[in-house]
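The values are calculated or read from the model by the stated rules, or taken from the named source; none is laboratory data. Keep in mind it's a predicted model, so treat the numbers as computed, not measured. So basically every Cβ, Gly included, is an ideal-geometry build from the backbone, and we count neighbours across all protein chains shown. Accessible surface areas use protein heavy atoms only, side chains included; no ligands, DNA or RNA. Shrake-Rupley method; radii C 1.70, N 1.55, O 1.52, S 1.80 Å.
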Amino acid sequence: MIELPAELSLSVDGPVATLTIDRPDKRNAFALRMWAALPAVARAVESAPEVRVLLVRGAGDGPFSAGADIGEFGTVRRGEEAASAYSATVHAAERAIAELSKPTIALVQGWCVGGGCELALACDLRVADESARFGITPAKLGLVYNQVSTAQVVTAVGAAWAKYILFTGELLDAQTALRIGLVQQVHPREQAAEAALALARLIAQRAPITLAGAKALVNRVVEGTAEADQWAERWYAASYRSAEYTEGVTAFVDKRTADFSEIGWPKLDADGAPA
């Protein structure tokens, strides 16, 4: 679909796009060039009419990502100005994935640490295998974690667990991550990839207007707006006049499963509401 660094690939199988991280010699650690490529990935997924869900994963049964490439700390992150520019690139990458209008799922196997955990938290849902280990480690490096990324942690696990994760910098196992809400599913190692793909395909079968609207409205609640207003009313009105609603009601009356596969992703305006 697009030109990417050798360590990243984007493939499409029906309604599911998969972003694969493949840098085994570095435990899938992200170099600056990899972070810089993620906004283009997000744009490609957003603009692909056939894609309904993005799955992010490590290659094979390898780790999700051990985080930022520490080999770059003395080069592209050397000094305050360079470090600030590096952080801006990472933040733009994380925001690009988080702000997709389409659902996103992270398949986490093995290491999911630092920037890797930041990327996983930018996804809407996380499926892990029993080998997964999660950690955010700025306390070990003398850094302060980005505000928006901190908010992602708090949203996922609550304030107290967010503080525990950030204060200690220690790794959490998969079952702990499941218990505190950091992940939504944990599976045996040999079943996790199939389970994550099955979840992606299940979501992809649902009504596009509902998926886009639910994500937009949930994100708005997280940002502090819970009341209905004209922006929200545009979503409600769009759904009632949508092809999805027509198909859903017809399928219900006909006692069959609704088929939304030929209905495109809703077009959104600059405000993120149906155009």
Original post:
Not counting the cut sites, what is the longest span of the chain without trypsin sites (Lys or Arg not before Pro) that DSSP labels loop and that have at most 11 other Cβ atoms within 10 Å?
Top reply: 1-240
Subject >> Cα extents of the chain along the three principal axes, largest first (Å) >> reply: 61, 41, 39
Original post:
Between ARG43 and ALA6, what FRET efficiency follows from the Cβ-Cβ distance if R0 is 22 Å, with the result rounded to 0.05?
Top reply: 0.65
Original post:
For region 70-119, what is the per residue volume of the convex hull drawn over the alpha-carbon atoms, in cubic angstrom?
Top reply: 70 Å³
Original post:
Between region 165-233 and region 112-160, what is the C-alpha centre distance in whole Å?
Top reply: 14 Å
**OP:** Would you work out what percent of the accessible area of the chain, with all protein chains in place, is carbon or sulfur (probe 1.4 Å)?
**Re:** 55 percent
**OP:** Project the alpha carbons of region 121-275 onto their principal axes and report the range along each, largest first, in whole Å.
**Re:** 56, 40, 21
Original post:
Once Rh for region 211-261 is found with the Kirkwood sum over Cα pairs, what is the Stokes-Einstein diffusion coefficient at 20 °C and 1.002 mPa s, in µm²/s?
Top reply: 173 µm²/s
**OP:** Could you list the residues of region 29-63 with an amide nitrogen less than 13 Å from a label point located 7 Å from the Cα of ALA275 in the Cα-to-C-beta direction?
**Re:** 47-49
Original post:
Roughly how many debye, to the nearest 20, is the charge dipole of region 26-79 about its Cα centre, given +1 on each Lys and Arg Cβ, -1 on each Asp and Glu Cβ, and no other charges?
Top reply: 180 debye
Original post:
Based on Cα positions only, what radius of gyration and what Dmax would you give for region 100-188, in angstroms?
Top reply: 12.0, 35
Subject >> Solvent exposure, largest accessible area first (probe 1.4 Å, DNA, RNA and ligands not counted), of LEU178, LEU107 >> reply: LEU178, LEU107
Subject >> Extension reserve of the GLN191-PHE252 stretch, reckoned as 0.36 nm per residue once the Cα distance is removed >> reply: 18.6 nm
Original post:
Which number gives the lysine pairs in region 127-275 that have C-alpha atoms under 30 Å apart and are eight or more places apart or on different chains?
Top reply: 5
Original post:
Given DSSP loops and a limit of at most 10 other Cβ atoms within 10 Å, what is the longest stretch of the chain that contains no such GluC sites (Glu not before Pro)?
Top reply: 4-189
Subject >> Neighbourhood charge, 10 Å Cβ-Cβ cut-off, centred on THR20 and excluding it, Lys, Arg +1 and Asp, Glu -1 >> reply: -1
Original post:
Ranked by accessible surface with a 1.4 Å probe, highest first, in what order do ILE97, ILE70 come?
Top reply: ILE70, ILE97
Subject >> region 180-240, accessible area per residue, ligands and nucleic acids excluded (1.4 Å, Å²) >> reply: 55 Å²
Original post:
Do you know the relative contact order of region 156-275, to the nearest whole percent, from alpha carbon pairs under 8 angstrom that are 6+ apart?
Top reply: 22 percent
Subject >> Mean separation of Cα contacts under 8 Å (6+ apart) over length of the chain, as relative contact order % >> reply: 16 percent
Original post:
What span do the alpha-carbon atoms of region 1-144 cover on each of the three principal axes, reported in whole Å from largest to smallest?
Top reply: 44, 33, 25
Original post:
Considering only protein heavy atoms, what per residue accessible area in square angstrom results for region 71-156 with a 1.4 angstrom probe?
Top reply: 40 Å²
Original post:
Taking the chain as a Gaussian network, where each spring joins two C-alpha atoms under 10 Å apart, which residue of THR89, THR20, THR75 fluctuates the most?
Top reply: THR75
